[in-house]
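A.B. asks: Questions regarding the structure given below will be posed in turn.
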Amino acid sequence: MRDKHTRKVAIQWMIPTAILLIAIVAMFVDFFKTSSKSAQVQVERNFSSVSEGYASKFQEQLMSMQTSGRTVAAVIQQHSEKELGLVEEFVEALYDKTDAYMVIMTDLNGRGINQEKEWVSLYDIDYFEQLQDGNERYIHLENDGFSGKHAFLSVLPIGKKETKALLLLYYPTDEFSDLIKRGEFDGNAFYAVTDTTGKIIEGNMATETVFEGDNLWDGVADEKEVRRIQNRIANGNGGVTNVTDSTMSFRLAYSPIGINDWYVVVGVSQEYAKRLERQVWNDTKVMVYKLLIAIFVFLGVVIVLNIVGKIRSHEENRDLADKADTDLLTDLNNKLATERKIKEYMKEHPDEQALMFVLDIDNFKKINDTMGHAFGDEVIRTLGHQIRGEFRVSDIIGRIGGDEFMIFLKNIKDDALVEQEANRVAKFFSNFRAGEYVKYSATASIGAAVYPRDAKDFESLYKAADKALYKAKERGKNQLAFYGDDK
């Protein structure tokens, strides 16, 4: 009777185990059939990751230079043209602190001064007409008009309402080559910065047989594929593709830089790409064999450990994500988390009214200078803690700069509630005090914008609120202004 029961139990276990093993074998058979394609996808992802990394580095270089230039432009705006000595010092300091090889401040008539405190004229330079509208932009120059260098030019207006002068920062195109890590791929690999038409702006064309001329697509045999790539590039998308010129086949990865229509392109020979795929496939086979044996021997243990591991991994990832989203000084959302959460809300509620406030602490530099940076941090910390308790848990509150905060109130049903919340924010600072022993009354200038009435995306809504903030500061600080309110 006991043997019969044992056999019954064994059969009960053997049947599902056999089914499971058959399913595992079938899965691995199918896996081996599709592994070749998986290896190709993995290699292409690697290429894409490399090109995206270079695009990110290049953008970071230019944006860092532009950010410094904006700061200096704002400082210059506060000084009159008669304070020429100070302006010269600012231009020289910008040259010293950035990767620009030349910095010029010029008026719209082309009369400027460089970092050497020398007067220069841009009137007869080819790109001078592009500067006349006084707009902020990047321009690729094949000749900077002074030293003959190829350059990426960052144009920064001085003055927001009426631009009377420009800051010009010249970044050498050959700096791109210095960003490229050597030895990632074989000797035939190449890297380039191009525009949407395929024109090569700068690059490291490692082999003489690849894409002769100054356009990436000249000589490519498959015109249909070229048109497909250009359409993707024109729509701001990256990707990986195979192309063939008159002598060789290549695999290209292309990624947008995020500035103008410029792209980073990474290319390797098709032979080298296939070799990487075979290597990935061989490594995968060895791994699969070992994994199959481990599954047969330790199937039960592996399942338990996998479940436990996933739970722990999920908890750890959640903790890390919370830490990555938090501003250490105030425990509010940091800038990236604030922007991401607001964008997610806008995507899910495109028609639901919300209210954005952007606020700066008034005279914060004076607080730091007179009371000390430790007290300035205490003001920021206290403001963060108190303002978090003022609003709903569902609202989005973050610190987006040194003394700059953003408050995003969801589901504001009508204009009466808009006015009520605006009054509450403004009134908050009438009672705000900071400091444990010395009670300091800090005030703030506040700009407000209504979503989606004033703007339907984050960037535009932030700009609207920022303009309102600037208006509040113009009125004498310690005020709240709405975007579009000229009263």
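The values are calculated or read from the model by the stated rules, or taken from the named source; none is laboratory data. Quantities reported herein were computed from a predicted structural model and do not represent experimental measurements. Quick reminder, even Gly has a Cβ in these numbers, built from the backbone with ideal geometry, and neighbours come from all protein chains shown. The protein model used for the area step is the full one, side chains on, heavy atoms only, and it has no ligands, DNA or RNA in it. Shrake-Rupley method; radii C 1.70, N 1.55, O 1.52, S 1.80 Å.
A.B. asks: Within 13 Å, Cβ to Cβ, of Ala442, how many net charges do the neighbouring residues add up to if Lys/Arg are +1 and Asp/Glu are -1? Before the final figure, lay out the partial values.
C.D. replies: Details: positive: Lys365, Lys366, Arg381, Arg433, Lys439, Lys477; negative: Asp360, Asp362, Asp377, Glu378, Asp403.
Summing Lys/Arg as +1 and Asp/Glu as -1 gives +1.
A.B. asks: Same structure again: Give, in nm to one decimal, the length gained when the segment between Lys347 and Thr71 is fully stretched (0.36 nm per residue of separation minus the Cα-Cα distance). Mind showing how you got there, number by number?
C.D. replies: Working: separation 276, 0.36 × 276 = 99.36 nm, distance 3.23 nm.
Between Lys347 and Thr71, full extension yields 96.1 nm more.
A.B. asks: Asn242 to Glu225: extension gain in nm, 0.36 nm per residue of separation minus the Cα-Cα distance?
C.D. replies: On the way: separation 17, 0.36 × 17 = 6.12 nm, distance 0.85 nm.
Between Asn242 and Glu225, full extension yields 5.3 nm more.
A.B. asks: Output ³J(HN,Hα) for segment 368-376: one whole-Hz value per residue in order, computed from phi by the Karplus curve 6.51 cos²θ - 1.76 cosθ + 1.60 with θ = phi - 60°, and x for Gly and Pro.
C.D. replies: In residue order, the calculated couplings are 5, 5, 8, 9, x, 5, 5, 5, x Hz.
A.B. asks: Roughly speaking, to the nearest percent, how much of segment 339-487's 1.4 Å accessible area is carbon and sulfur?
C.D. replies: Roughly 48 percent of what the probe reaches on segment 339-487 is carbon or sulfur.
A.B. asks: Would you kindly state how much longer the chain becomes between Leu336 and Ile24 on full extension, computed as 0.36 nm times their sequence separation minus their alpha carbon distance, in nm to one decimal? Can you show the working numbers first?
C.D. replies: On the way: separation 312, 0.36 × 312 = 112.32 nm, distance 4.31 nm.
Net length gain for the segment: 108.0 nm.
A.B. asks: Please go through segment 378-487 and write out the chymotrypsin sites (Phe, Trp or Tyr not before Pro) that DSSP classes as loop and that have at most 15 other C-beta atoms within 10 Å.
C.D. replies: Details: sites: Phe391, Phe405, Phe408, Phe428, Phe429, Phe432, Tyr437, Tyr440, Phe458, Tyr462, Tyr470, Phe482, Tyr483; in loops: Phe391, Phe429, Phe432, Tyr437, Tyr483.
Counting only loop positions with at most 15 other Cβ atoms within 10 Å, the chymotrypsin sites (Phe, Trp or Tyr not before Pro) in segment 378-487 are Tyr437.
A.B. asks: Between their Cα atoms, which of Lys97/Lys117; Lys439/Lys473; Lys366/Lys439 are more than 22 Å away from each other? Intermediate results must be reported in sequence, preceding the final value.
C.D. replies: Numbers: Lys97/Lys117 16 Å; Lys439/Lys473 24 Å; Lys366/Lys439 16 Å.
Violating the 22 Å limit, Cα to Cα: Lys439/Lys473.
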